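Student: Have a look at this one before I ask anything.
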Amino acid sequence: MLTYNEYIELRDKLINNEIGIELAKEQCWKGFKEGQRSWHTKDWKERREKFIKEKCQICSSTDTLTLQHLSHPKKFNEFLREITRTYTNQYIDNNSEIDKSIFRNHVLNNYEYVPVPLCPNCMNKNPSERVRKKPKYRCADCKHEFEEAIYRSANELIAIFFEDMDAYEVRDKCFVSKDKWRNQHNLSNIKYWFQRNIAKNNDAESIEKKAFILYLNDNIKYLSFEDTITACRKCASNYDLYRMELCPKCKEYYKGIQYPTCIQCLPEEKRKAIQEQIDFGKEMREIHKRLGID
């Protein structure tokens, strides 16, 4: 695992083109073991002593103090998705038109088409299929009864899509990817992923490099202790596990970090209303527990 200064050195080399993206990733993750944490390292422990305060900055306790991070680094793949999305949107903005024949071949080669049944009288989608009564189908729209539904071909749907990409007929997710994921898509989804793959292939190295620099910057920020406070064990665990912090008004009860005060510090009427909601929720959970409802 790299130290704080090694992360900075690696990032600067990558920015200055002194090292390639593949070698940078290799050096960053070389020897990394599952379960390794930065706070287990000698570098972390030595630098920690320069930043930690003498008491908790939340409740002023001196019991088992730790450096509490207010933000945590994201994974490389998260940055990669963000940058890929940006490049994709730029590509789509500059290349709104796509070749119909290329797109049609892409759809037919990479997706299985599961057509939607249609009423032969009014072309309404998904007529009701009956098990006992004959004829087999009844259209909920025009009430027409019939034995055989009709279907549009994949080529017909693609033709409609190119005439009007928001058409009612092309909204169904009736194309199943042939990969192991077997995801269901409509033609708009397929078009987006088709253009995304082009954008990604066109700028693969630039995308990876930008994403990896962001990843390194995020780790450097984390290791710098820039976004940290000193917290006691109680305050740190409440923040990490429950996203709660000590109420700034009473300094006694904890509250969700998204709220200005704890429940006890709210005006009486509002406090009673919220307490009733909490009690009702508890009662419902008890009832569900007794009934075996998860």
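The values are calculated or read from the model by the stated rules, or taken from the named source; none is laboratory data. Not measured: the values here are computed from a predicted model. Quick reminder, even Gly has a Cβ in these numbers, built from the backbone with ideal geometry, and neighbours come from all protein chains shown.
Student: Return the total of residues in segment 199-254 being of a type in the set (S, T, Y), more than 23 Å from the chain's Cα centre (by Cα) and farther than 30 Å from T41 by Cα.
Tutor: We begin by selecting, within segment 199-254, every residue of a type in the set (S, T, Y); these are 206, 215, 222, 224, 228, 230, 237, 239, 242, 253-254.
Remaining after also requiring more than 23 Å from the chain's Cα centre (by Cα): 224, 228, 230, 237, 253-254.
Now narrow it down to the ones that are farther than 30 Å from T41 by Cα: 253-254.
So the count comes out to 2.
Student: I would also like to ask the following. So which helices (runs of 4 or more DSSP H) stay within segment 135-242 end to end and still have 1 or more residues that are of a type in the set (S, T, Y)?
Tutor: Once the helices (runs of 4 or more DSSP H) in segment 135-242 are filtered for at least 1 residues that are of a type in the set (S, T, Y), what remains is 187-202, 204-223, 233-242.
Student: Now a separate question. Would you check which residues across segment 88-108 are touching a residue at least 60 places away in the same chain (Cβ under 8 Å) and among the polar types (S, T, N, Q) and list them?
Tutor: T88, Q90, N95
Student: So, in segment 28-65, exactly how many residues are among the hydroxyl-bearing types (S, T, Y) and either under 27 Å from the mean Cα position of the chain (by Cα) or under 19 Å from N219 (Cα atoms) (or both)?
Tutor: Result for segment 28-65: 2.
Each row is one residue, and each column tells you yes or no for (1) more than 30 Å from L67 (Cα to Cα); (2) at pLDDT 95 or above; (3) of a type in the set (D, E, K, R).
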| position | (1), (2), (3) |
| --- | --- |
| F146 | yes, yes, no |
| N155 | yes, yes, no |
| D164 | yes, yes, yes |
| D172 | yes, yes, yes |
| V176 | yes, yes, no |
| I198 | yes, yes, no |
| N219 | no, yes, no |
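Student: Among the residues of segment 127-137 satisfying the criterion of being surrounded by 15 or more Cβ atoms within 10 Å (Cβ to Cβ) and closer than 26 Å to N186 by Cβ, which is nearest to the chain's Cα centre (by Cα)?
Tutor: P127
Student: I've got another one for you. I'd like to check which helices (runs of 4 or more DSSP H) are fully inside segment 1-120 and have at least 1 residues that are more than 30 Å from S177 (Cβ to Cβ).
Tutor: Correct list: 4-15, 21-29, 42-51.
Student: Restricting segment 255-294 to residues that are more than 31 Å from the chain's Cα centre (by Cα) and not in a helix (DSSP H, G or I), which is nearest to S71 (Cα to Cα)?
Tutor: L266
Student: Do we find a residue being loosely packed, with under 15 Cβ neighbours inside 10 Å, farther than 16 Å from S101 by Cα, free of Cβ contacts under 8 Å to residues at least 60 places away in the same chain and aliphatic (A, V, I, L, M) anywhere in segment 167-182?
Tutor: For segment 167-182, residues loosely packed, with under 15 Cβ neighbours inside 10 Å, farther than 16 Å from S101 by Cα, free of Cβ contacts under 8 Å to residues at least 60 places away in the same chain and aliphatic (A, V, I, L, M): present.
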